[in-house]
């Protein structure tokens, strides 16, 4: 059974631009705050049909993570005065933070879609890693730098495993506050050559999608100075 987000907020605002399509939507934006354990969330866009009726020629959600559904079994032709719903089913996967995905509808007689519906999902990050990438410039001192790890959930979380893909970047995990705040200190062995590495973190979260995080380390050419 899929786990749905607990809170859905939709501003019921009439969208004048959609009236010409004869499908008048109560809102073109649905905002959802996903629960920490959510794997799937659903957003509904109710509509009413104008006096001329409406026929949907084509509908799509360009991202494979979002499935678009039309009520009444996917009915495309709608009589005047009837009402229905466009639903978006969003698989959260590995997304984190605030994510916007769209559903588009092209009506009969149109060459381009006239209806654009946005699903905005706020996906909690139980672990924040800042910055996402540490950089060193070629030939400059191989000084230590640190990732700041902060646990944002209601329950404490521990880092139970850390692994790296490149031995050029040895690291040390430091506990600032157990279950709440950590520092991952990285000191490259040398900056004489370009290099890239990935550091993987594993937590003891009860939620599978919040158990694995990653950050990056890079030795690069010194960026050109702005003129």
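Taken together, the values in this text are just the output of simple stated rules run on the coordinates, not laboratory data. These numbers were taken from a predicted model, which means no experiment stands behind them. Counting neighbours? That spans all protein chains shown, and the Cβs are built from the backbone with ideal geometry, glycine included.
Out of all DSSP beta bridges in the chain, what portion is antiparallel? Express it as a percent rounded to 5. If you can, show how the numbers build up before the last one.
Working: 65 of 75 bridges.
Just about 85 percent of them are antiparallel.
Given a Förster distance of 35 angstrom, what is the FRET efficiency for residue 154 paired with residue 187, based on the Cβ-Cβ distance and rounded to 0.05? Spell out each step's value before the answer.
Values: r = 34 Å, r/R0 = 0.98.
Here the calculated transfer efficiency is 0.55.
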- Message: Using Cα-Cα distances under 8 Å and only pairs 6 or more residues apart, what relative contact order does the stretch 21-137 have, in percent?
- Response: 31 percent
- Message: Ignoring everything except DSSP H segments at least 4 long, calculate the 222 nm mean residue ellipticity for the chain; use -39,500 (n - 2.57) per segment, divide by total residues, nearest 500.
- Response: 0 deg cm²/dmol
- Over all Cα pairs of the stretch 107-167, how is the pair count split among 5 Å bins, expressed in % and running from 0 up to the last occupied bin? 3, 10, 12, 16, 11, 9, 8, 7, 7, 8, 6, 3, 1
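Normalised by the residues of the chain, what does the relative contact order come to in percent, with Cα pairs under 8 Å and at least six apart? Numbers along the way, then the final one.
Numbers: 537 pairs, mean separation 35.7, N = 227.
Once normalised by length, the contact order is 16 percent.
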- Item | Cut-off 16 Å, label 7 Å out along Cα→Cβ of residue 214, residues of the stretch 100-134 by amide N | 129, 132-134
- Item | Measure of compaction for the chain (Cα Rg per 2.2 N^0.38 Å) | 1.38
- Query: So how long is each side of the stretch 77-189 along the principal axes, counting just the alpha-carbon atoms, biggest first, in Å?
  - Reply: 70, 39, 17
- Message: Just want to confirm a number: the relative contact order over the stretch 127-220, from Cα pairs under 8 angstrom separated by 6+ residues, in percent.
- Response: 36 percent
- Note on the structure: Out of 54, 77, 34, a Gaussian network model of the chain with alpha-carbon springs under 10 Å gives the largest mean-square fluctuation to 77
- Whole-number value, in Å³ per residue, for the convex hull of the alpha carbons of the stretch 7-123 is 97 Å³
- Message: Expected output is a single nm value to one decimal: the length gained when fully extending between residue 133 and residue 221, i.e. 0.36 nm times separation in residues minus the C-alpha distance. What is it?
- Response: 30.2 nm
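Can you divide the C-alpha Rg of the stretch 133-203 by 2.2 N^0.38 Å and report the result to two decimal places?
On the way: Rg = 13.5 Å, N = 71, 2.2 N^0.38 = 11.1 Å.
Normalised Rg, Cα atoms only: 1.22.
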